[in-house]
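The values are calculated or read from the model by the stated rules, or taken from the named source; none is laboratory data. Note that this is a predicted model, so its numbers are computed, not measured. Ideal geometry is used to build each Cβ from the backbone, glycine not excepted, and the neighbour counts take in all protein chains shown.
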Amino acid sequence: MMDFSVLLSVYDKENPNYLRQSLDSVFSQTVRAAQVVLVEDGPLTPELDSLLEEYKRKYPELELVPLSENKGLGPALAEGMLRCRYELVARMDTDDIARQDRFEKQLEAFKENPALDVCGSHILEFEDEVDHIVTQRKVPLTDAEIKEYQKKRDGLNHVTVMFKKAAVLKAGNYPSCPSMEDSLLWVNMFKNGATAMNIDDYLVYVRIGKEMFDRRGGWAYYKKYKQARKRVYDTGYISWWDYEYTLLVQLAVALMPNKLRGFVFKRLLHR
């Protein structure tokens, strides 16, 4: 198996218990990463600092990248990508949990297809405990299907991907595009000829709940979404209709009551 890096970013609002579970899932894989890069996006809490020092002592492959101020997910991941030493890089979020064989499955996919640039999977979404699965997000499998799907919704689940560092840097690395860093990166990669696939399996458990639905609501969130979506439209990858259609859907979802928004996410958008 090839050596590879794992890339994460944490900020001061992260729950230490969630971070512990996430890191445990990374370090208990059937195939371990040679390097785990964790960007500290601004000063953290004492609890988070203590936890990271504990894991740094236990796992020498863990490399902490402290940033002097909070820059947001896109810039933090862009900095972390430059610190990754290996060509293959797996993304992971600090409140999600990777299935134990996730990296092994993705490495096999890259071995079988040397031309592959990015590989993701479906996700299972849970509330509170990982065995409390409430919904799922399935994504298309083939390169052509992913690229067509990407015009309206993300064809890759960001927290599941393993990609080639060279393909990410060729596309300009992670952009600063709040709420849509990954979407814009996929579009830039696809416009540069990157090849994608999704494994037909659920390799990551993603934490959801009321706080996530709160963040996806309100006029302020919609305006941020619209600005980010306009940047995707300006690449020329999507049509005017793709742009307007997604804005209408997002406006309806953003302005509905939070409880209804949670139902829509769990039963209609993710199922």
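At-a-glance table
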quantity	calculated
Failed criterion for Thr94 (all others in (1) touching a strand residue (DSSP E or B) at 6+ places or on another chain (Cβ under 9 Å); (2) not assigned by TED's automatic domain parsing to the domain that holds Val37 hold)	(2)
Where a residue in the range 167-183 is under 26 Å from Tyr222 (Cα atoms) and its partner, wherever it lies, is assigned to a helix (DSSP H, G or I) and of a type in the set (Ser, Thr, Tyr), with Cβ under 7 Å and at least six apart	Ser179/Tyr225
Index of the failed condition, Tyr205 passing every other in (1) more than 26 Å from Ile97 (Cβ to Cβ); (2) touching a strand residue (DSSP E or B) at 6+ places or on another chain (Cβ under 7 Å)	(1)
Top-ranked residue of the range 60-70 - restricted to ones that are out of contact with any Leu (no Cβ under 8 Å at 6 or more places or on another chain) and surrounded by 13 or more Cβ atoms within 10 Å (Cβ to Cβ), ranked as nearest to Ser25 (Cα to Cα)	Glu61
Residue check for Leu107: in contact with a Phe, Trp or Tyr (Cβ under 8 Å, 6 or more places away or on another chain) and either assigned to a loop (DSSP other than H, G, I, E, B) or outside the structural domain of Phe163 (by TED's automatic domain parsing) (or both)	no
Of all residues making up the range 1-20, the number that are touching a residue at least 40 places away in the same chain (Cβ under 8 Å) and either among the hydroxyl-bearing types (Ser, Thr, Tyr) or surrounded by fewer than 19 Cβ atoms within 10 Å (Cβ to Cβ) (or both)	9
Qualifying positions in the range 64-91 - touching a helix residue (DSSP H, G or I) at 6+ places or on another chain (Cβ under 6 Å) and more than 13 Å from Gln35 (Cα to Cα)	Leu73, Gly74
Test: residue in the range 206-220 that is part of a loop (DSSP other than H, G, I, E, B), modelled with pLDDT under 80, crowded, with 16+ Cβ neighbours inside 10 Å and at negative phi	yes
